[in-house]
Amino acid sequence: MVECSRRLNPLCEHIVADMRTLRLDRPFDAVFLHDAVGHMVEGRDLRDVLITAALHLKPGGRLLIAPDSVQESFQEETNLGGTDRGERGVRFLEWRFDPDPKDHRITVALSYSFREGERVTFSQDTFPLGLFPSSEWLELLEETGFASQIVLSTLPSTGEERILFLGTLRE
């Protein structure tokens, strides 16, 4: 994935690191956390990510967080898709569900079917993602030095309303 990004974005710096412990020793005006933050399944991991963001911001810098879901609005979902090119094709199924609504995790199950000519092979994977209530996001932002607020955003492609979190690092 990193090599693909390097090919597509040759002018961008690429750093492979753990977002909980990364230290670049240089400040930025803004930090954006998107889907990778979903892999934080424990509150302490999420706190560590927010500390990392704070350490990389100038005073008054902004942090925008766009989690895939928050606990109070999570709905199980299934996504399907695929494509064909000549003798090759792929189909995928993504299933997101919450086996225990009392914890901070959901399960993502992925299934892939690959076709080359008449041969079809299959691959699957299952992994947890973090699912935190908005109140916990806001509390952790405050604890890690941010003035925080919720921002509602509508996805143009689906009309779905998403909850984002905007933090401003206190000076």
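The values are calculated or read from the model by the stated rules, or taken from the named source; none is laboratory data. Bear in mind the structure is a predicted one, so any value in this text is a computation, not a measurement. Neighbour counts run over all protein chains shown; Cβ positions are idealised from the backbone, glycine included.
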For the list (1) touching a His at 6+ places or on another chain (Cβ under 7 Å); (2) at pLDDT below 95, I need the number of the one condition that Met1 fails. (1)
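Yes/no per residue for (1) among the basic types (Lys, Arg); (2) at pLDDT 95 or above; (3) in a strand (DSSP E or B):
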{"residue": "Phe132", "(1), (2), (3)": "no, yes, no"}
{"residue": "Ser135", "(1), (2), (3)": "no, yes, no"}
{"residue": "Leu140", "(1), (2), (3)": "no, yes, no"}
{"residue": "Gln149", "(1), (2), (3)": "no, yes, yes"}
{"residue": "Thr158", "(1), (2), (3)": "no, no, no"}
{"residue": "Phe165", "(1), (2), (3)": "no, yes, yes"}
{"residue": "Glu171", "(1), (2), (3)": "no, no, no"}
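Listed here are the residues, each with its yes/no results for (1) surrounded by 13 or more Cβ atoms within 10 Å (Cβ to Cβ); (2) without any contact (Cβ under 8 Å) to a residue 60 or more places away in the chain.
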site: Asp68; (1), (2): yes, no
site: Thr78; (1), (2): no, yes
site: Gly86; (1), (2): no, yes
site: Arg91; (1), (2): yes, yes
site: Glu94; (1), (2): yes, yes
site: Asp100; (1), (2): no, yes
Qualifying positions in the stretch 1-57 - under 24 Å from Leu166 (Cα atoms), among the basic types (Lys, Arg), without any contact (Cβ under 8 Å) to a residue 60 or more places away in the chain and not in a loop (DSSP other than H, G, I, E, B): Arg44
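For the condition touching a strand residue (DSSP E or B) at 6+ places or on another chain (Cβ under 7 Å) and under 14 Å from Gly38 (Cα atoms), what is the one hit in Leu110, Leu129?
Just one listed residue meets the conditions, Leu129.
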Can you pull out every residue in the stretch 130-145 that is within 18 Å of Pro101 (Cβ to Cβ), touching a residue at least 12 places away in the same chain (Cβ under 8 Å) and among the polar types (S, T, N, Q)? Ser134
Any residue that is surrounded by 15 or more Cβ atoms within 10 Å (Cβ to Cβ) and in a helix (DSSP H, G or I) - is there at least one of those in the stretch 111-125? no
Tally of residues being under 27 Å from Gly43 (Cβ atoms) and assigned to a strand (DSSP E or B) across the stretch 66-110: 11
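A quick yes/no check of all residues on (1) among the acidic types (Asp, Glu); (2) loosely packed, with under 14 Cβ neighbours inside 10 Å; (3) more than 27 Å from Ser153 (Cα to Cα); (4) outside the structural domain of Phe122 (by TED's automatic domain parsing):
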residue	(1), (2), (3), (4)
Arg6	no, yes, yes, yes
Val16	no, yes, yes, yes
Val49	no, no, no, yes
Thr107	no, no, no, no
